[in-house]
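Structure first, commentary second.
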Amino acid sequence: MRVRNSILQLVPYQPGKPIEETQRELGLNHVVKLASNENPFGISPAVIARVKDCLSGLNRYPDASCHRLKVAMAQRLNVSPAELTFGNGSNELIDLLIRVLCLPAPDEISEHVPVGDHLRTDLVATFSGAFVAYEICAQAAGVGVLKAPLDKNYKFDLNQMLHFLDSEVGTRVRLLFLPNPNNPTGTYISQSELQGLLSRLQSHPNLVVVLDEAYLEYVRAEDFIDGLRCRQIFKRVAVLRTFSKVYGLAGLRLGALVADPELIGWIDRVRNLFNVSQIAQEAAVAALEDREFVAETLRKTWAGLDWITSQLDSLGLEWIPSQGNFVLFDTGREALSVYQALLKKGVILRPVASYGFPRHLRFTVGTPEENSFAILALRTVLGKA
Ligand SMILES: *Cc1c(COP(=O)(O)O)cnc(C)c1O
């Protein structure tokens, strides 16, 4: 079959191992999955009630403009409805941003050559050790990726990125993806760092900076600034938010994009008109209203994160301070063996070798019972029970 070269070279995204698959393959009854940064505390009861209410309307197509959700979200974020659009998860919005803004490399030239590298086509920029969806979506679209390194504290090396963007190749970069906080490291860009970066990028008129704020609600650092506040100093900031994390709706697929009305207009032109189901629209409105569920999730997640990191300390394992609902820790050895030994004990953590961290595992905060179960298994596997 003839397939585009950029697709032939694509290394697919590896999601966290599903619970049922682990049960089936290893003959286990009790399996705890702490591998996909999901909300372990379930769904707001108000959301469940609203979803039940809208089931009888599923014979109709959804509202293609997401009107009620857009009004509710615009009010919450203090932006205008024209500055908002939605996607089937923020992942779809990442895909759309790349397709709308970047010119792909012609396929016939790219065989056995990194996609787009040798041509004067558009590029996407991000960091090695950043969320991989940007790179995968770019590659699927035939668009090359420029990656700056992390510094020694696992933070984005912003000076290195500026150096790239100011060089010859940097003039081709149309989109800069900044997950803030980042997954899987849990690190963040501080207010002064971000404002400094954006003011330096004023001189790059073709560049859109995407702040992916999937974990925004979990942030406890005091010197954090969100992307919406940055839009006042830098107009070409686009902000991604998701309902997959603190709102507990990963299975429903809903993400939001805030950007200037012109860019929103282009995205709306390209997206599948019915990309967000009616259930997702209704559920999200109810989820926004239930502030208590979010507050409770945050309290429990922070307590869980602090407990897990204290346990990692007692095991003598190094971990990276995290602003998310997860923590990346150094197993002190090749991590795949620890991952596999944990699986046999019914604990699914996330290997991150593909992000360039062969010795680390990512541990998502679960319920207190799940956290204890996982830490006990880790103690046993490391011979420290
Ligand atoms: C989990 C996550 C998302 C959410 O993706 P959805 O498609 O909305 O589920 C986005 N960005 C980052 C960095 C994430 O870790």
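A short reminder: the numbers here are calculations on the coordinates, not readings from a lab. Since the model is a prediction, treat every value here as computed from it, not as a measurement. Glycine gets a Cβ as well: all are built from the backbone with ideal geometry, and neighbour counts include every protein chain shown.
Over every Cα atom in the range 223-367, the radius of gyration and the widest Cα-Cα span, Dmax, amount to 19.1, 54 Å. Here Arg120 and Ser192 are evaluated by their C-beta separation; at R0 = 35 Å the FRET efficiency comes out at 0.50.
Counted without the sites themselves, the longest stretch of the chain free of trypsin sites (Lys or Arg not before Pro) in a DSSP loop having at most 14 other beta carbon atoms within 10 Å is 236-332. Indicate the gyration tensor shape class of the range 139-190 (rounded, prolate or oblate), computed on the Cα atoms with a ≥ b ≥ c the square roots of the eigenvalues: a/c under 1.5 is rounded; otherwise a/b larger than b/c is prolate and the rest oblate. Taking the square roots of the gyration eigenvalues as a ≥ b ≥ c, the range 139-190 is oblate. Taking amide H positions as modeled 1.01 Å from N, with prolines and chain starts lacking one, the residues under 5 Å from Val347 and 5 or more places away or on another chain are Val32. Once the Kirkwood radius over Cα pairs is known for the chain, the Stokes-Einstein relation at 20 °C and 1.002 mPa s delivers a diffusion coefficient of 98 µm²/s. Averaging the inverse of every distinct alpha carbon separation and then flipping it gives the Kirkwood radius. What is it for the range 178-289, in angstrom units? After inverting the mean inverse Cα-Cα distance, the result is 15.4 Å. Counted over all Cα-Cα pairs of the range 160-200, pairs farther apart than 13 Å make up 63 percent. State which entries of Lys152/Lys300; Lys344/Lys384; Lys17/Lys245; Lys345/Lys384; Lys245/Lys384; Lys33/Lys384 exceed 26 angstrom in Cα-Cα distance in the structure shown. Exceeds cut-off: Lys152/Lys300; Lys245/Lys384. Pairs of C-alpha atoms in the range 296-364 farther apart than 18 Å represent 38 percent of all such pairs.
Going by C-beta contacts inside 10 Å, put Leu150, Leu97 in order with the fewest on the left.
Leu150, Leu97
With 0.36 nm allotted per residue and the present C-alpha distance subtracted, the Ala303-Glu262 stretch has 10.6 nm of extension available. Rounded to whole numbers, the Karplus 3J(HN,Hα) couplings from phi for the range 222-228 are 7, 9, 9, 10, 8, x, 5 Hz, using 6.51 cos²θ - 1.76 cosθ + 1.60 with θ = phi - 60°, and x at Gly and Pro.
Here the relative contact order of the chain, from alpha carbon pairs under 8 Å that lie six or more residues apart, stands at 24 percent.
All Cα-Cα distances of the range 3-61, cut into 10 Å bins from zero to the largest, leave 16, 22, 26, 29, 8 percent in each bin in turn. By the gyration tensor of its Cα atoms, with a ≥ b ≥ c the square roots of the eigenvalues, what is the shape of the range 1-154: rounded for a/c under 1.5, prolate for a/b over b/c, or oblate? Oblate shape, in that a/c is at least 1.5 and b/c is the bigger or equal ratio.
Across the chain, the longest run free of exposed loop sites, meaning GluC sites (Glu not before Pro) lying outside DSSP classes H, G, I, E and B with no more than 12 other Cβ atoms within 10 Å, spans 223-333. Straight-line reach from Lys155: taking Cα to Cα under 16 Å and skipping same-chain neighbours fewer than 8 places apart, the lysines in range are Lys147. Near the amide H of Arg359, within less than 5 Å, lie the amide hydrogens of Ala335, all on another chain or at least 5 residues away, with H placed in the peptide plane.
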